[in-house]
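A quick write-up on the structure given underneath.
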Amino acid sequence: MDVVTSQTIGVEVNGTTYEREVEARRLLIHLLRDDLDLTGSHIGCDTGNCGACSVILDRTLVKSCMVLAIQADGASIETVEGLAGEEQLTPLQQAFSDHHALQCGYCTPGMLMSATALLRENPKPSDEEIAKAIQGNICRCTGYWNIFEAIKAASE
Amino acid sequence: MQLLRPESVEAAAAALGNGSVALAGGTDLVPMLRDRLVSAETLVELKEVVPRGVEGTRIGAGTTLAELEVDPEIPAALREACALAASPQLRSMGTIGGNLLQATRCWYWRLDFPCFLHGGSRCHAREGAHREHAIFGNERCASAHPSDPAAALLALGARVRTSRRELGLEELYRLPTEDDRNVTALEPGELILELDVPRPEASVYLKAMDRARWAFPLVGVAAARFADGVRLALAGVAPIPWRLDSETDLDRATPLPGTAYKVELARPLIRRALHSVT
């Protein structure tokens, strides 16, 4: 049985492999933001409520403030930085831009990851399925309608 | 804090206790660690040792709520309870075993007041703010059990296989007493491994909450019809998931001034649930 206080973990983030020594108590969001300098994923509430820190961990949408970094050892992670190519936004990101689906922009990385996870599983979601997919993401500008429209547009 | 990755249930169970805490999905534990409600020298990761997946009537304790909410083979009440719990991101990490053992949302407890559940002498919620609190079993501690799936599994008459024994879900939970403030009968180092969930003829889970999504139950009602009758169980009404024989049992509720509305909220939900399964 392995016993470790801090350990070297390996994660693949947006196609790049990183090895870092992390303390057992370190949250995944802090690994991403502070150790890997991937500050696109935001910390809104730090209590698992707001969804701004949503990332895709081994093809599963999670809130990275509720996951310990060591739980992600060996995993493949996608963050908002991994969505667009060098010059090209994804159709979903373009739809967010076209439909003014962001106001302050703070919730946007999480919304994009939740919607990306949805469209990957279900390219033609119903209105209800779109609403359900962003249940765990809070937009305090209350711009939900444009976000919904953008996801719908990207699915068509 | 350190992490342990045991290779067997036996090794995991042996490693628990004495400052060690079990880690499954982490969605309940991680915030409690951060808020220092739980202190652990060692986390014992269960992912590799606790069964995951559905096989016939058996559900591995490591199965996530996200897996259960789309599983056509499990009873509707459990599927619906899982779908109505938390948010998609948390359901994809949180396990059914962990969900059954999740801690109360009572803010006095969460803010570490020296309340009855924390070993103190009084329940601050009884005298203080308690809108979300209990209407049954609330004499010493008025906290409300937050698990939707637990109520569904209770109505379904689920049995629990642990690393030491098999017991009915009703025996898993206990009201806290002077001598023992725990709300479950699990012993130190005892792990939930598997659930056995009987197949009802029909079942349903209905939930009243402050908003339509991503909220804990004010009242959750599970009903399951079997050949010998309907079983009812409620979430959010007592410190533990609560069985009722019928709607008239609501007359025996002991609501606090701020929770009396829950009795009236439960009544039509029970009627609708019974109507739905019969």
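Values as computed for the structure displayed
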read-out: At q = 0.11, 0.26 Å⁻¹, base-10 log of I(q)/I(0) for the stretch A:54-143 (Debye sum, equal scatterers on each alpha carbon); value: -0.32, -1.51
read-out: Chain A, Cα convex hull volume normalised per residue, Å³; value: 111
read-out: Tally of Lys pairs whose C-alpha atoms are under 14 Å apart, taken over the protein assembly as shown, 8 or more apart or cross-chain; value: 4
read-out: 10 Å Cβ neighbours from other chains, averaged over peptide A:66-72; value: 6
read-out: Simple label model, 7 Å out from Cα along Cβ direction - residue B:118 to residue B:35, nm; value: 1.1
read-out: Size descriptor, Kirkwood hydrodynamic radius, that averages inverse alpha-carbon separations across the protein assembly as shown, Å; value: 22.5
read-out: Distance histogram for the stretch B:181-228 (every C-alpha pair counted, 5 angstrom bins, percent rounded to whole numbers); value: 5, 14, 14, 12, 17, 23, 14, 2
read-out: Orientation-averaged projected area, Cα convex hull of the stretch A:91-155 (nm²); value: 3.5
read-out: Scaled radius of gyration (Cα, divided by 2.2 N^0.38 Å) that chain B gives; value: 0.96
read-out: Residue of B:68, B:16, B:156 that the Gaussian network model of chain B assigns the largest fluctuation, springs spanning Cα pairs under 10 Å; value: B:16
read-out: Buried on assembly, the stretch A:103-146 (at least 40 Å² less accessible surface than by itself, 1.4 Å probe); value: A:132, A:135
read-out: Highest-fluctuation residue, B:143, B:20, B:121 considered, GNM on chain B with Cα pairs under 10 Å; value: B:121
read-out: Cα-projected label distance for residue B:178 with residue A:153, points at 7 Å along beta-carbon direction, nm; value: 6.8
read-out: Centre separation in Å (Cα based) which lies between the stretch B:136-204 and the stretch A:32-47; value: 37
read-out: Percent of C-alpha pairs per 10 Å bin, the stretch A:6-82, short to long; value: 22, 61, 18
read-out: For residues of B:78-89, the mean tally of beta carbons on other chains within 10 Å; value: 5
read-out: Pairwise FRET efficiency - residue B:187 versus residue B:8, Cβ, R0 = 22 Å, nearest 0.05; value: 0.75
read-out: 10 Å Cβ neighbours from other chains, averaged over peptide A:56-65; value: 4
read-out: Pairwise centroid distance, computed over Cα atoms, of the stretch A:98-156 with the stretch B:212-278, Å; value: 34
read-out: Per-peptide average of other Cβ atoms within 10 Å, ordering B:237-246, B:54-63 highest first; value: B:237-246, B:54-63
read-out: Scattering curve values for the stretch B:1-49, log₁₀ I(q)/I(0), Debye with Cα scatterers, q = 0.14, 0.15, 0.25, 0.29 Å⁻¹; value: -0.30, -0.34, -0.89, -1.11
read-out: Drop in accessible area of at least 40 Å² in the complex versus isolated chain, residues of the stretch B:1-39, 1.4 Å probe; value: B:1, B:2, B:3, B:4, B:5, B:30, B:34
read-out: Radius 15 Å from Cβ of residue B:230, net charge of other residues (Lys, Arg +1; Asp, Glu -1); value: +1
read-out: Stretch gain in nm, segment residue A:60-residue A:129, where the contour uses 0.36 nm per residue and the Cα spacing is subtracted; value: 23.2 nm
read-out: Label point distance in nm, residue A:23-residue B:248, each placed 7 Å from Cα along Cα→Cβ; value: 6.0
read-out: Net charge, residue A:154 excluded, C-beta distance under 15 Å - Lys, Arg +1, Asp, Glu -1; value: -3
read-out: Of A:142, A:79, A:100, farthest towards positive along the dipole that unit charges on Lys, Arg, Asp, Glu beta carbons give chain A; value: A:142
read-out: Whole-percent pair-distance distribution, where bins are 10 Å wide, for the alpha carbons of the stretch B:140-266; value: 12, 41, 35, 12, 0
read-out: Cα Rg over Rh - the stretch B:1-96, Kirkwood; value: 1.02
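The values are calculated or read from the model by the stated rules, or taken from the named source; none is laboratory data. Note that the structure is a prediction, hence the values are computed from the model and not measured. All Cβ positions, even for glycine, are placed from backbone atoms using ideal geometry, and neighbour counts span all protein chains on display. Ligands, DNA and RNA are stripped out before the accessible areas are found, and what is left, the full protein with its side chains, is counted by its heavy atoms. Shrake-Rupley method; radii C 1.70, N 1.55, O 1.52, S 1.80 Å.
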